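These notes are about the structure you will find just below.
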Amino acid sequence: MYQMLGRTTLGFASSAQPTDQHIFFNPLCNPIPKKDISKMTIKLSNEARKQSVTSIERYFTANMEESIGNLGAELLLDFILEEIGPSIYNKAVADVQERLQARVMEVDSEVYETEFQYWSKLDPKAKKNVSRKLRD
């Protein structure tokens, strides 16, 4: 028997161990898998991560009274990526959406073709009549 979340759970095989992958609500049922709650995390390439950590260390050396060290810089970077990164990411996405929407609005003027031009090309009088109607 295992005690988890204040409830007794029965039915584990002798070699089975409870893990943090399961939540036990009913002692008579099989374990219910945890819901996979995926949070958006910003992943940096190894090279970008190394450069970021070095930059943080350099910033602390230049601007703070004591250095932060490599581990401290990595932890600070992880915090920034998890806590502040999504705000920066969301702003970047909004900026891109705005620019794309502006470009889409320009497409009609860039690729617009005047319709029903066949006859006006053949009849010079029709061109004059069309241009007069457009001016009026």
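The values are calculated or read from the model by the stated rules, or taken from the named source; none is laboratory data. Predicted, not measured: the structure shown is a model, and the values here were computed from it. Methodologically, a virtual Cβ is constructed for each residue, glycine included, from the backbone with ideal geometry; neighbour enumeration extends over all protein chains shown. Keep in mind that these areas ignore ligands, DNA and RNA; they rest on the heavy atoms of the full protein, side chains included. Shrake-Rupley method; radii C 1.70, N 1.55, O 1.52, S 1.80 Å.
Couple of notes before you dig in:
- Remark: LYS39 matches the filter, which requires a residue to be at pLDDT below 85 and either over 19 Å from the mean Cα position of the chain (by Cα) or exposed (fewer than 10 other Cβ atoms within 10 Å of the Cβ) (or both).
- When segment 43-98 is filtered for residues that are open to solvent by 100 Å² or more (accessible area, probe 1.4 Å) and basic (Lys, Arg), the ones remaining, listed by number, are LYS43, LYS50, ARG58, LYS91.
- Residue that is of a type in the set (S, T, N, Q), modelled with pLDDT of 55 or more and not in a loop (DSSP other than H, G, I, E, B), where the choices are SER52, SER67: SER52
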